[in-house]
Amino acid sequence: QVQLVESGGGSVQVGGSRRLSCAASGRTISGYSMAWFRQAPGKEREFVAAISWNGYIPAYADSVKGRFTISRDNASRTMYLQMNGLRPEDTAVYYCAAASGLFVATTSRQYNYWGQGTQVTVSS
């Protein structure tokens, strides 16, 4: 099994920045694709960003492209989400996910392992 733990959430003003981290333990993650999803109250969980096992094939939701950057460090078993230019609509619980495979996936059903989530709140 792979255990995932998110951190870095909190409150931030509009236009601010936060960096989320997802630490993995258990199995090595070098052969796993990883992703970030988020879920706001009353809404379905939505895709945010994904990254391939080697970090060369990132994918972003249109709503965050140009503002968020996904990255990973396999040596430290950590995935990151750098969030810039935050907006109120970015307020959500952010989850990290992982799946065995070389290429990215953008639907939650394709991921086997999930973190517990970390809250990000953006306000004026």
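Summary of values
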item	result
Residue list for the range 44-60, restricted to those being open to solvent by less than 20 Å² (accessible area, probe 1.4 Å) and either free of Cβ contacts under 8 Å to residues at least 24 places away in the same chain or assigned to a strand (DSSP E or B) (or both)	Val48, Ala49, Ala50, Ile51
Close pairs (6 angstrom Cβ cut-off, 6 or more residues apart or separate chains): under 16 Å from Ser52 (Cα atoms) and in contact (Cβ under 8 Å) with a residue 40 or more places away in the chain in the range 71-86, open to solvent by less than 20 Å² (accessible area, probe 1.4 Å) and among the basic types (Lys, Arg) anywhere	none
Residue match in the range 21-36 (condition: open to solvent by 50 Å² or more (accessible area, probe 1.4 Å), within 26 Å of Ser124 (Cβ to Cβ), out of contact with any helix residue (DSSP H, G or I) (no Cβ under 7 Å at 6 or more places or on another chain) and in contact (Cβ under 8 Å) with a residue 60 or more places away in the chain)	no
In the range 67-92, residue most open to solvent (accessible area, probe 1.4 Å) [restricted to those that are in a loop (DSSP other than H, G, I, E, B) and hydroxyl-bearing (Ser, Thr, Tyr)]	Ser76
The listed residue being within 20 Å of Val2 (Cα to Cα) and either open to solvent by 70 Å² or more (accessible area, probe 1.4 Å) or assigned to a loop (DSSP other than H, G, I, E, B) (or both), out of Val64, Val104	Val104
Residue match in the range 64-74 (condition: over 11 Å from the mean Cα position of the chain (by Cα), over 18 Å from Ser123 (Cα atoms) and modelled with pLDDT under 95)	yes
Those residues of the range 46-60 which are under 15 Å from Trp114 (Cα atoms), in contact with a Leu (Cβ under 8 Å, 6 or more places away or on another chain) and not β-branched (Val, Ile, Thr), in sequence order	Ala49
Tally of residues being in a strand (DSSP E or B) and surrounded by 18 or more Cβ atoms within 10 Å (Cβ to Cβ) across the range 115-124	3
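The values are calculated or read from the model by the stated rules, or taken from the named source; none is laboratory data. Worth saying up front: this structure is predicted, and the values here are computed from it rather than measured. Glycine also receives a Cβ, built like all others from the backbone with ideal geometry; neighbour counts cover every protein chain displayed. Remember, those area values only see protein heavy atoms, side chains included, never the ligands or the DNA or RNA. Shrake-Rupley method; radii C 1.70, N 1.55, O 1.52, S 1.80 Å.
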